[in-house]
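J.: Structure incoming, see below.
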Amino acid sequence: MLKMLKYLTKKDWMLVLLSFVFVIGQVYLDLKLPDYMSEITRLVQTPDSQMRDILSAGGNMLLCALGSLSLAFIVGYFAARIASNLSWKLRSSVYDKIESFSLAEINKFSTASLITRSTNDITQVQNIVAMGLQLMIKAPITAVWAISKILGKGIEWTVATGGAIVGLLILISIVMIFAMPRFKKIQKLTDRVNLVTRENLTGIRVVRAYNAEKYQSNKFEEVNNELTKNNLVINRVMGIMQPGMMFIMSGLTLAIYWIGAVLINNADMMDKMDLFSNMIVFSSYAM
């Protein structure tokens with residue numbers, strides 16, 4: 001994958017740098033929302049607070065949300081452009097390389113496999129690059145930044161968050177153990193489907209001459225069903241991830257509020273407000 005990055009031009013690298021800067025700005029705006037939420041919570045609980053202060057904090061939250069949305073659109077546009085340019089160059093290079101192959105080399109790879117390389121594989125690379133510039137860059141920056149902001153706000157909440165992270169890692173590891181071998185198998189199965197389809201198309205006259213339509217249909221059904229079953233297993237395994245993650249995240253929210261309720265109940269009157277505000281902020285950052 002890293003070798004493919006050499007096909008990026010200076011303009012593409014400039015867009016990558018701008019995307020990185022905009023992602024940092026997006027993360028900053030996203031993580032400012034809990035701060036304003038905490039301020040609104042404090043103002044609502046304060047007897048002498050003014051409505052204009054609450055509206056001002058709410059307006060800042062709205063501006064942060066709109067700014068984050070705008071930056072997300074910009075990063076998405078840059079990512080799509082970089083990914084499409086890279087896939088265009090890769091397809092051109094793969095095509096030129098295949099054109100230089102001898103018949104022996106083509107037979108070694110098989111025509112069906114070469115079709116998959118120049119179409120499906122490059123599309124997957126394009127999707128990974130587009131996703132990487134948006135999610136794979138944003139996720140670790142958000143995680144590190146959020147963790148740095150919640151450190152010191154309560155050891156009990158930190159322990160609960162650490163337990164949730166361990167649970168997520170275990171869930172993802174289990175899913176990957178069962179799903180990764182199936183993902184690798186998709187490549188060979190796709191090649192086989194292309195091979196059977198191409199054989200049927202190139203030999204359509206012979207098939208009809210010998211009345212072998214049923215044989216060819218059964219041959220295609222066999223490889224197609226195998227690919228379908230493999231994809232079904234993958235989707236079922238991956239389908240566990242989303243509800244599992246939501247269950248752990250919902251459990252973390254419940255744990256944070258339960259711990260916060262205990263801490264607030266046992267705290268002095270002067271500390272209750274700070275604990276409640278920290279609980280709201282901590283739950284947002286933990287997510």
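The values are calculated or read from the model by the stated rules, or taken from the named source; none is laboratory data. Please read these numbers as outputs of a predicted model, since none were measured by experiment. Here the Cβ is made from the backbone with ideal geometry for all residues, glycine too, and neighbour counts use every protein chain on show. Areas reflect the complete protein model, heavy atoms only, side chains present, ligands, DNA and RNA absent. Shrake-Rupley method; radii C 1.70, N 1.55, O 1.52, S 1.80 Å.
J.: For the chain, modelled as a GNM with alpha-carbon contacts under 10 angstrom, which of VAL207, VAL23, VAL193 fluctuates the most?
T.: Maximum among the listed residues: VAL207.
J.: Let me ask something else. For the stretch 173-252, just list the percent of Cα-Cα distances falling in each 10 Å bin from zero outward, please.
T.: 17, 32, 22, 16, 9, 4, 1
J.: Using a Gaussian network for the chain with springs between C-alpha atoms less than 10 Å apart, which of these wobbles most: MET238, MET131, MET51?
T.: MET51
J.: With every protein chain present, what is the per residue accessible area of the chain (1.4 Å probe, Å²)?
T.: With the other protein chains kept in place, the chain gives 64 Å² per residue.
J.: Can you give the translational diffusion coefficient of the stretch 65-130 in µm²/s, computed by Stokes-Einstein from the Kirkwood radius over Cα pairs at 20 °C and 1.002 mPa s?
T.: Approximately 157 µm²/s, per Stokes-Einstein.
J.: First measure r as the distance between the Cβ atoms of SER93 and LYS11, then evaluate 1/(1 + (r/R0)^6) with R0 = 25 Å and state the FRET efficiency to the nearest 0.05.
T.: Calculated value: 0.90.
J.: Would you calculate the separation in nanometres between label points at ARG81 and TRP145, each defined as 7 Å from the Cα along the Cα-to-beta-carbon direction?
T.: Result: 2.2 nm between the two label points.
J.: Find the all-direction average of the projected area of the Cα convex hull for the stretch 1-158, expressing the result in square nanometres with one decimal place.
T.: Averaged projected area of the stretch 1-158's Cα convex hull equals 13.5 nm².
J.: Related question: Run the dipole for the chain about the Cα centre, Lys and Arg Cβ at +1, Asp and Glu Cβ at -1, nothing else charged, and hand back the magnitude in debye, nearest 20.
T.: Dipole magnitude for the chain comes out near 1460 debye.
J.: List the relative contact order of the stretch 112-220 as a percent without decimals, with contacts defined as Cα pairs under 8 Å and 6+ residues apart.
T.: So the answer I get is 46 percent.
J.: Next up: Per DSSP helix of 4 or more residues, -39500 (n - 2.57); summed, then divided by the residues of the chain. What does that give at 222 nm, rounded to the nearest 500?
T.: Using -39500 (n - 2.57) per qualifying helix, the result is -30500 deg cm²/dmol.
J.: Relative contact order, percent, of the stretch 33-188 when contacts are C-alpha pairs under 8 Å separated by at least 6 residues?
T.: It rounds to 20 percent for the stretch 33-188.
J.: What nm value, rounded to one decimal, do you get for the distance between ILE155 and SER102 when each label is placed 7 Å out toward the C-beta?
T.: In this crude spin-label approximation the distance works out to 7.2 nm.
J.: If one puts a single equal scatterer on every Cα of the stretch 124-237 and applies the Debye formula without solvent, what log₁₀ I(q)/I(0) results at q = 0.10 Å⁻¹?
T.: -0.57
J.: Applying the Karplus parametrisation 6.51 cos²θ - 1.76 cosθ + 1.60 with θ = phi - 60° to the phi angles of the stretch 104-119, what ³J(HN,Hα) value in whole Hz is obtained for each residue in order, glycine and proline being reported as x?
T.: With the stated coefficients, the stretch 104-119 comes to 5, 5, 5, 5, 5, 7, 6, 4, 4, 5, 5, 4, 5, 4, 7, 10 Hz.
J.: Compute the helix-to-body angle for 10-45: its Cα long axis versus the longest principal axis of the chain, expressed 0 to 90° and rounded to tens.
T.: Helix 10-45 sits roughly 30 degrees off the main axis of the chain.
J.: Hey, another quick one. Roughly how many nanometres apart are two label points built 7 Å out from the Cα toward the Cβ at ARG205 and MET238?
T.: Placing both labels 7 Å along Cα→Cβ, they lie 4.2 nm apart.
J.: Measure of size requested: the Rg and Dmax of the stretch 31-76, with Cα atoms as the atom set and Å as the unit; please supply both.
T.: Values for the stretch 31-76 (Cα only, Rg and Dmax): 12.9, 44 Å.
J.: I would also like to ask the following. Which number do you get for Rg(Cα) / (2.2 N^0.38 Å) in the chain?
T.: 1.43
J.: Could you give me the ³J(HN,Hα) list for the stretch 245-253, computed from phi with Karplus coefficients 6.51, -1.76, 1.60 and θ = phi - 60°, whole Hz, x at Gly and Pro?
T.: 5, 5, 4, 5, 5, 5, x, 5, 4
J.: Also: Just to be sure I follow the rule: in the stretch 63-168, considering lysines 8 or more places apart or on different chains, how many pairs have Cα atoms under 29 Å apart?
T.: Final tally of qualifying lysine pairs is 6.
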